[in-house]
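Take a look at the structure below.
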Amino acid sequence: MAPQSAAGGLGRSYRLRRKIGRRKLHDVSHLVKLKVLGCSGGIGGRYLRTTSMLIDNDILLDAGTGAADLSLTELSLIDHVFVTHSHLDHVACLPFIVDTVGAGRSAPLVVHAIPETLDILSEHLFNWKIWPDFTKIPSAERAQLRFEPIAIGETVSVGTRKFTALPANHVVPSAGYQIDSGRASLVFTGDTTTNDPFWVEVNRIANLKYLIIETAFCNRERHLAEISKHLCPAMLADELGKLSGNAEIYITHLKPSEIELTMREIEEYAGQYRPRMLQNNQVFEL
Ligand SMILES: [Zn+2]
Ligand SMILES: [Zn+2]
């Protein structure tokens, strides 16, 4: 980068930080915002990005390719990443984020996930072969990345925002998350197939407002949904029948080539729950 543009960048970054700093204070006492950065089962073109959501300005929920749209300043403000599971469409940007902004941050980027997921990330991603182990860079004492295990059912508070790990049923160890602002909760299933323990927990949430649930396959591919432990519309209808309270339902993780067909089938099978397709850049307020 030329010195001039670097200086210009710094100026913008400083102004944005100040603005975001003020907004953060505002958020703590008022609204928690969740913005969808990616919610597709694949990539392609200007609108398809894999799973990632930005909470206020400092937390990511999964770090799929959607996180790549954040600016350098926005990336540098991320302090925590809650990861549902180790599949690439949910963690693809994690190595790049820590590599891009880790050295300039005063604190490590904290990755929260169930212990099995953290073990997989250590063994198969941050293993010096696919990517350097940033939990030891530049040294173990001053590492740019920190892994923080969370157990299913455990709640972690980040400021006033509470994250509770929920059970998921997928081909690798997985979790969903409840995000509770104190006024309202949003639940994200992560990747999952049919899963009764999940609904037991969700039905206990008194302030549930939004439910984001996956439907990765169309009904024709039910067999694939079953063996890869995802949902198809017929399975989704069975699952939503287990929800006892009211919530706005949003569908995520649609396969790019089957979006229209799958949404039509969802309407046919689960229309009574009024599910809507989750949109990129959609913002939820809690
Ligand atoms: Zn998955
Ligand atoms: Zn996935």
Where a residue in segment 162-177 is within 12 Å of ligand 2 (Cβ to nearest atom) and its partner, wherever it lies, is modelled with pLDDT of 95 or more and basic (Lys, Arg), with Cβ under 6 Å and at least six apart: His170/Lys229; Val171/Lys229
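Residue-by-condition table, conditions (1) touching a Leu at 6+ places or on another chain (Cβ under 7 Å); (2) within 16 Å of ligand 1 (Cβ to nearest atom); (3) modelled with pLDDT under 95:
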{"residue": "Ala175", "(1), (2), (3)": "yes, yes, no"}
{"residue": "Ser181", "(1), (2), (3)": "yes, no, no"}
{"residue": "Thr193", "(1), (2), (3)": "yes, yes, no"}
{"residue": "Pro197", "(1), (2), (3)": "no, no, no"}
{"residue": "Glu221", "(1), (2), (3)": "no, yes, no"}
Residue satisfying all of: in segment 180-214; within 20 Å of Ile55 (Cα to Cα) and of a type in the set (Gly, Ala, Ser); surrounded by the most Cβ atoms within 10 Å (Cβ to Cβ) among these: Gly190
Residue count for segment 265-281, restricted to those that are surrounded by 15 or more Cβ atoms within 10 Å (Cβ to Cβ) and either not in a helix (DSSP H, G or I) or not β-branched (Val, Ile, Thr) (or both): 8
Residue pairs meeting the criteria (Cβ under 9 Å; at least 6 apart or on separate chains; first within 21 Å of Lys162 (Cβ to Cβ), in segment 30-48; second hydrophobic (A, V, I, L, M, F, W, C) and surrounded by fewer than 17 Cβ atoms within 10 Å (Cβ to Cβ)): Lys33/Val283; Leu34/Val283; Lys35/Val283; Val36/Val283
Criterion (farther than 25 Å from Tyr210 by Cα, out of contact with any Lys or Arg (no Cβ under 6 Å at 6 or more places or on another chain), away from ligand 1 (no atom under 15 Å from the Cβ) and in a strand (DSSP E or B)) met by exactly one of Glu123, Glu148, Glu141: Glu148
From the options His90, His85, residue that is within 16 Å of ligand 1 (Cβ to nearest atom) and in a helix (DSSP H, G or I): His90
Checking Leu125 against (1) within 16 Å of ligand 2 (Cβ to nearest atom); (2) farther than 19 Å from Pro173 by Cα; (3) over 14 Å from the mean Cα position of the chain (by Cα); (4) at pLDDT 95 or above, the condition it does not meet: (2)
Looking only at segment 35-56, and only at residues there that are closer than 15 Å to Tyr177 by Cα and in contact with a helix residue (DSSP H, G or I) (Cβ under 6 Å, 6 or more places away or on another chain), the one that is nearest to ligand 1 (Cβ to nearest atom): Thr51
Close pairs from segment 130-144: first of a type in the set (Ser, Thr, Tyr), partner surrounded by fewer than 16 Cβ atoms within 10 Å (Cβ to Cβ), Cβ under 8 Å, at least 6 apart: Thr135/Ser122; Thr135/Arg146
Those residues of segment 231-250 which are within 21 Å of His87 (Cα to Cα) and either modelled with pLDDT under 95 or in contact with a Phe, Trp or Tyr (Cβ under 6 Å, 6 or more places away or on another chain) (or both), in sequence order: Cys232
Residues of segment 249-276 classified as more than 17 Å from Ile43 (Cβ to Cβ) and in contact with a strand residue (DSSP E or B) (Cβ under 7 Å, 6 or more places away or on another chain), total: 10
Qualifying helices (runs of 4 or more DSSP H) (wholly inside segment 182-249; at least 1 residues being under 19 Å from Glu267 (Cα atoms)): 222-227, 233-240
Residues within segment 155-183 that are in contact with a Lys or Arg (Cβ under 6 Å, 6 or more places away or on another chain) and aliphatic (A, V, I, L, M), tallied: 1
Residues of segment 253-286 classified as over 11 Å from Phe217 (Cα atoms) and under 19 Å from the mean Cα position of the chain (by Cα), total: 11
Verdict on Asp56 being closer than 19 Å to Lys162 by Cα and not β-branched (Val, Ile, Thr): yes
Those residues of segment 98-117 which are surrounded by fewer than 21 Cβ atoms within 10 Å (Cβ to Cβ), assigned to a helix (DSSP H, G or I) and under 18 Å from the mean Cα position of the chain (by Cα), in sequence order: Pro115, Glu116
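The values are calculated or read from the model by the stated rules, or taken from the named source; none is laboratory data. Note that the coordinates shown come from a computational prediction; the quantities given were computed from them, not determined experimentally. So basically every Cβ, Gly included, is an ideal-geometry build from the backbone, and we count neighbours across all protein chains shown.
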